[in-house]
Amino acid sequence: MPAHPPRATQEEEALRYYLEIHRALWHSLATTWMDLDLSLAQLRTLLLLANHSPLQVGHLARHMEIGIPTAGHLVEKLVQAGFARRFEDPADRRRCLVALTSQGEELYARLLIGRQTIAACLHQLGDEDLSAYLQGAQALADKLASQLTTNATQVRRC
């Protein structure tokens, strides 16, 4: 029976594969991300609208934990860029709702191309490889969540 490589070697190999995956995804997304002319706050707004629209500006502000004027400004920037639109609430004409435009939906889809690519690759894996990946990914996700919780607790104590 062949001997397994030393644990340190296996850990280094796992990290190397992680970086290969990260780099491959970055190369497929680099142009989209580098050409993105949005602030981080505007991007957060776009992502929130992609997952929860239509929203009132007040609800958007609450989700983002910012003031209504700030949320309104972020929405205005997205409207000017063609990624969002405002419209009257059909149920209550006094309320204004915000949703992504088709251009905003297209941008959101381009930003998720990495997830879609991984989903396609997972679909192509054999049953044994998928099962092994799931086992390893679950173990790593659990350990990472535990480590990050521990780190956050230690930072709060300081």
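The values are calculated or read from the model by the stated rules, or taken from the named source; none is laboratory data. Keep in mind that what you see is a predicted model, and the values were worked out from it rather than measured. In this analysis, Cβ positions are derived from the backbone assuming ideal geometry, glycine residues included, and neighbour counts consider all displayed protein chains.
Quick rundown of the values:
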read-out: The one condition in (1) modelled with pLDDT under 95; (2) loosely packed, with under 10 Cβ neighbours inside 10 Å that residue 15 fails to fulfil; value: (2)
read-out: One residue from 97, 29, 55, 49 being in contact with a Ser or Thr (Cβ under 9 Å, 6 or more places away or on another chain) and surrounded by 11 or more Cβ atoms within 10 Å (Cβ to Cβ); value: 97
read-out: Selected residue [modelled with pLDDT of 90 or more, more than 30 Å from residue 140 (Cβ to Cβ) and under 15 Å from the mean Cα position of the chain (by Cα)] from 45, 101, 70; value: 45
read-out: Filter result (free of Cβ contacts under 8 Å to residues at least 40 places away in the same chain and in contact with a His (Cβ under 9 Å, 6 or more places away or on another chain)) within region 51-70; value: 52, 59, 60, 63
read-out: Index of the failed condition, residue 25 passing every other in (1) over 29 Å from residue 117 (Cβ atoms); (2) touching a residue at least 12 places away in the same chain (Cβ under 8 Å); (3) not assigned by TED's automatic domain parsing to the domain that holds residue 120; (4) not polar (S, T, N, Q); value: (1)
read-out: Positions within region 18-42 being at pLDDT 90 or above and under 30 Å from residue 88 (Cα atoms), in sequence order; value: 38, 39, 40, 41, 42
read-out: Residue 48 vs. criteria in contact with a His (Cβ under 9 Å, 6 or more places away or on another chain) and under 26 Å from residue 114 (Cα atoms); value: yes
read-out: Residues of region 1-36 classified as in contact with a helix residue (DSSP H, G or I) (Cβ under 8 Å, 6 or more places away or on another chain) and acidic (Asp, Glu), total; value: 0
read-out: Residue under evaluation residue 90, criteria (1) farther than 16 Å from residue 109 by Cβ; (2) surrounded by 14 or more Cβ atoms within 10 Å (Cβ to Cβ), criterion not met; value: (2)
read-out: Search result, residues across region 122-136 that are exposed (fewer than 11 other Cβ atoms within 10 Å of the Cβ) and either of a type in the set (Val, Ile, Thr) or in a helix (DSSP H, G or I) (or both); value: 123, 124, 127, 128, 135
read-out: For residue 152: the one exception among (1) modelled with pLDDT of 90 or more; (2) within 23 Å of the chain's Cα centre (by Cα); (3) exposed (fewer than 11 other Cβ atoms within 10 Å of the Cβ); value: (1)
